[in-house]
């Protein structure tokens, strides 16, 4: 009996030991998974990382700006040389102006688009929540309209609109030049203020829908001087190559 | 006997969390947890059986192994066919643990009452 009892005790001990081992391993494993996962569960860390990235991004953009300025200086220095070089530099500056690589200023407008603070009420159930927010297509229509009205430079929240600019909704944010932004959107445009405002306020035009939902979503100001920053994104072409005609050499 | 069990449990947890470092694939983590749950259930069952004086080591050990394997297998199968079968194991094992625990509690309360009557 005593031997039997001992055997029972041993088995009992062994099983509880194994249970303990399993529990401990499971516990450890779960803890590891929780900490190894993407830091979605660790918002403070994520926020810190975000701020850090943003700061380094800003620093890099500042560096780009400085380098571009340096290029300008070098080009000017080069231009002060021969007559030929001067002509070359002039056409270079024009090309850069068209490409949006220079900071520019001039008369224009400031258009502010923001999400409505109104919410769909019971009286107008046909108005969907989508109507109360600014979307990529609103911005696209505005940009298109401004260009059509002769705007010479356009920026959205400090992002210069250039020939390669994309404007696209991704969830609750809009990407312009691959930079995330959200309401309010400040659109700056240089051009004849009267023409620009007229184009935007055309009946049934780009802003008509927004205004009909909530007039407060749209604000237009005419300005004597608008400063529009240079494009600070990449200017590298990865796929397109210029075609050289016979006898002509591309730089 | 119960004390022996608890020492074992404590020792197991300590060993697993401090000494053992077996890197397991993440997909296994769920099965491991379930196996641990099944083990815990069997251990509670053994405790109850011991109190009732009908503890059989062979039943105990085989129950432990089979339950743990079945629970893990159910979870695996459920993953494969898109049904949360592991819930079946969780509900069954969880329910039985509560049942066993209540019987264990009653046993000790009875003992206490008996001792009071005598004393």
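The values are calculated or read from the model by the stated rules, or taken from the named source; none is laboratory data. Please read these numbers as outputs of a predicted model, since none were measured by experiment. So basically every Cβ, Gly included, is an ideal-geometry build from the backbone, and we count neighbours across all protein chains shown.
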When both residues are 6+ apart or on different chains and their Cβ atoms are under 6 Å apart, which pairs have a first residue that lies in segment A:94-123 and is in a helix (DSSP H, G or I), and a second that is at pLDDT below 90?
A:96/A:102
For residue A:50, only one of the following conditions fails: (1) under 30 Å from residue B:6 (Cα atoms); (2) at pLDDT 75 or above. What is its number?
(1)
Tell me, please, whether a residue that is closer than 11 Å to residue A:16 by Cβ, surrounded by fewer than 19 Cβ atoms within 10 Å (Cβ to Cβ) and touching a residue at least 40 places away in the same chain (Cβ under 8 Å) can be found in segment B:73-82.
no
Out of A:188, A:196, report the one residue that is in a strand (DSSP E or B) and under 29 Å from residue A:97 (Cβ atoms).
A:188
Which ones in segment A:134-151 are surrounded by 15 or more Cβ atoms within 10 Å (Cβ to Cβ) and touching a residue at least 40 places away in the same chain (Cβ under 8 Å)?
A:134, A:138, A:139, A:141, A:142, A:143, A:145, A:146, A:149, A:151
Of all residues in segment B:36-66, how many are more than 11 Å from every other protein chain (Cβ to nearest Cβ), touching a helix residue (DSSP H, G or I) at 6+ places or on another chain (Cβ under 8 Å) and either part of a helix (DSSP H, G or I) or buried (at least 22 other Cβ atoms within 10 Å of the Cβ) (or both)?
2
Name, by its number, the condition in (1) within 25 Å of the chain's Cα centre (by Cα); (2) modelled with pLDDT under 80 that does not hold for residue A:104.
(2)
Say whether the condition of being outside any helix (DSSP H, G or I) and within 14 Å of chain B (Cβ to nearest Cβ) is met by at least one residue in segment A:37-52.
yes
Note on segment B:1-35: residues buried (at least 20 other Cβ atoms within 10 Å of the Cβ), closer than 15 Å to residue B:76 by Cβ and facing chain A (nearest Cβ under 8 Å) are B:32, B:33, B:35
Does segment A:56-64 contain any residue that is more than 22 Å from residue A:233 (Cβ to Cβ), touching a residue at least 12 places away in the same chain (Cβ under 8 Å) and either assigned to a helix (DSSP H, G or I) or assigned by TED's automatic domain parsing to the domain that holds residue A:226 (or both)?
no
Give me the residue from segment A:199-216 that is in contact with a strand residue (DSSP E or B) (Cβ under 6 Å, 6 or more places away or on another chain) and either modelled with pLDDT under 85 or in a helix (DSSP H, G or I) (or both) and, out of that set, surrounded by the most Cβ atoms within 10 Å (Cβ to Cβ).
A:210
